[in-house]
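To start, the structure itself, in structure tokens.
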Amino acid sequence: MLSGEYNHNLDAKGRIILPSKLREEIGDTFYVTRYFESCLAVFSVEEFERLGKSMQSLPGNMRDVRRIQRVIITGAHLCEVDKQGRFVVPPQLRTHAGLEKELVIVGNGTHAEIWDSNRWNEYLYGDDSVSLEEAAEALNEAGLAF
């Protein structure tokens, strides 16, 4: 399971380092794609293929299904780390996530997420953030005991 929070910088060529602890689980070749809350998701090849098959099994006549498929699957790029552990984040993905210089890379279970540092802090502590207690209550209502 991927976990942890890592601070890194985007270099002038659009490269970032994938932390070695996450790379051990994800591998040296992986998919990076647009994700929720304007961040990027990093999936191992196996996990992305599982996700893709799961999405394709959903009814294609539902607008929300098509939208999620289009945003996540069409936005995916196969990336590979270089000898220094860096990979290039394509320009359109950098734009989606608002990546400029300071980044936060977080392990989130089945995938990692790449956030602009300011967006990450706003997500955690901003005016629109949901408290941990409120989120736990919502999970309890959905039948997941926390």
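For Lys101, go through the lysines and keep the ones whose alpha-carbon is under 21 Å away, minus same-chain ones fewer than eight residues off. In chain and number order, the partners are Lys13. Comparing Cα centroids, region 10-54 and region 87-146 end up 14 angstrom apart. If R0 equals 25 Å, the separation of the Cβ atoms of Leu144 and Glu37 corresponds to a calculated FRET efficiency of about 0.80. Sparsely packed loop sites in region 78-115 (the trypsin sites (Lys or Arg not before Pro) outside DSSP H, G, I, E and B with at most 15 other Cβ atoms within 10 Å) comprise Lys83, Lys101. The loop-placed GluC sites (Glu not before Pro) in region 51-108, going by DSSP, that have at most 15 neighbouring Cβ atoms within 10 Å of their Cβ come out as Glu100.
Please work out whether the chain counts as rounded, prolate or oblate from its C-alpha gyration tensor, where a ≥ b ≥ c are the square roots of the eigenvalues and a/c under 1.5 means rounded, while otherwise a/b larger than b/c means prolate and anything else oblate? Taking the square roots of the gyration eigenvalues as a ≥ b ≥ c, the chain is oblate. Contact order for region 3-80, expressed relative to its length and based on alpha carbon pairs under 8 Å spaced 6+ residues apart, stands at 32 percent.
Based on C-alpha pairs under 8 angstrom that are at least 6 apart in sequence, the chain has a relative contact order of 34 percent. Residues Met1, Met62, Met55, ranked from the fewest to the most other C-beta atoms within 10 Å, line up as Met1, Met62, Met55. For region 1-32, there are no residues whose amide N sits under 14 Å from a probe point set 7 Å from the Cα of Tyr125 along the beta carbon direction.
None of the figures in this text is laboratory data; all of them are computed from the coordinates on show. This is a predicted model, so every value here is computed, not measured. Here the Cβ is made from the backbone with ideal geometry for all residues, glycine too, and neighbour counts use every protein chain on show.
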